[in-house]
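Notes follow the structure.
The values are calculated or read from the model by the stated rules, or taken from the named source; none is laboratory data. Predicted model only: the values in this text are computed from it and were never measured. Methodologically, a virtual Cβ is constructed for each residue, glycine included, from the backbone with ideal geometry; neighbour enumeration extends over all protein chains shown. Side chains are part of the model used for accessible areas, which takes the heavy atoms of the whole protein and leaves out ligands, DNA and RNA. Shrake-Rupley method; radii C 1.70, N 1.55, O 1.52, S 1.80 Å.
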Amino acid sequence: MENEQNNILTRRRLLQLLAISSIGSAALPSQAFADIKSPSDIFEDIKKPIFVPENTGKKGKIGDGDISFKLNKSQTDGQVGITESTLPVGYLGAPPHYHKTFDEICRVTQGVLTIMVGNELFEVKAGDWHLRPRGIVHSFWNTGKETVKFIELYSPAGHEAYMSDLADLFINNQRPKPGDLDRLAKKYDITFDWPRLKEIMDKYKVHL
């Protein structure tokens, strides 16, 4: 409710700004400025641009792959979170799972990433995009000839916080302890399909 009210207020101020720019303040009724204390009030809810240079952002490891955190929900009003990752040959990127409240969008920048959604498989190559929609079991892995590099967008944002907590479990070459993944899953809207994990690992010769 609070976010909705803030969005309405922001839109109102943007409309005021556009009106002032196009026809001049003298032609506007006084009520158009009723909630403006000074000209800077118009801009107070407008977000500042964010520049993320190459090779910056929090970095971590998940298994033997790398992850770099680019944008989070606090920076995008909860609209999108973004990470950049690598996945070595022979590795599974995540146990099969689904979530109810967000979608994942992947863009591969190097190599070929195999993505499973339901019973469908997609060979996502460098330059390709892929949407993993909420509510359907999915997973992904690398059975190609080189390390895969890919960008992930989470919409709406929030899953990047899970990925950050997950990366923390691998600090100093540690590995998640029994129950760690299920604990994070409860916190971040993830339901694992554990019975399907062995089937995928055996069939496609990949591992976590």
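Would you check if residue 158 is at positive phi, touching an Asp or Glu at 6+ places or on another chain (Cβ under 7 Å) and open to solvent by less than 70 Å² (accessible area, probe 1.4 Å)? Lay out the reasoning, then the answer.
Details: at positive phi: yes; touching an Asp or Glu at 6+ places or on another chain (Cβ under 7 Å): no; open to solvent by less than 70 Å² (accessible area, probe 1.4 Å): yes.
No.
Restricting attention to the range 107-152, the residues that are touching a residue at least 40 places away in the same chain (Cβ under 8 Å), open to solvent by less than 40 Å² (accessible area, probe 1.4 Å) and not small (Gly, Ala, Ser) add up to 11. Residue 205 meets all of the listed conditions (1) in contact (Cβ under 8 Å) with a residue 24 or more places away in the chain; (2) over 18 Å from the mean Cα position of the chain (by Cα); (3) open to solvent by 40 Å² or more (accessible area, probe 1.4 Å); (4) under 29 Å from residue 55 (Cβ atoms) but one, namely (4).
Only one of (1) farther than 19 Å from residue 192 by Cβ; (2) in contact with a Cys (Cβ under 9 Å, 6 or more places away or on another chain) fails for residue 132. Which number is that? Among (1) farther than 19 Å from residue 192 by Cβ; (2) in contact with a Cys (Cβ under 9 Å, 6 or more places away or on another chain), the lone unmet condition for residue 132 is (1).
Condition check ((1) at pLDDT 95 or above; (2) within 16 Å of the chain's Cα centre (by Cα); (3) of a type in the set (Ser, Thr, Tyr)) across all residues:
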| site | (1), (2), (3) |
| --- | --- |
| 113 | yes, no, no |
| 137 | yes, no, no |
| 143 | yes, no, yes |
| 152 | yes, yes, no |
| 159 | yes, yes, no |
| 176 | no, no, no |
| 182 | no, no, no |
| 197 | yes, no, no |
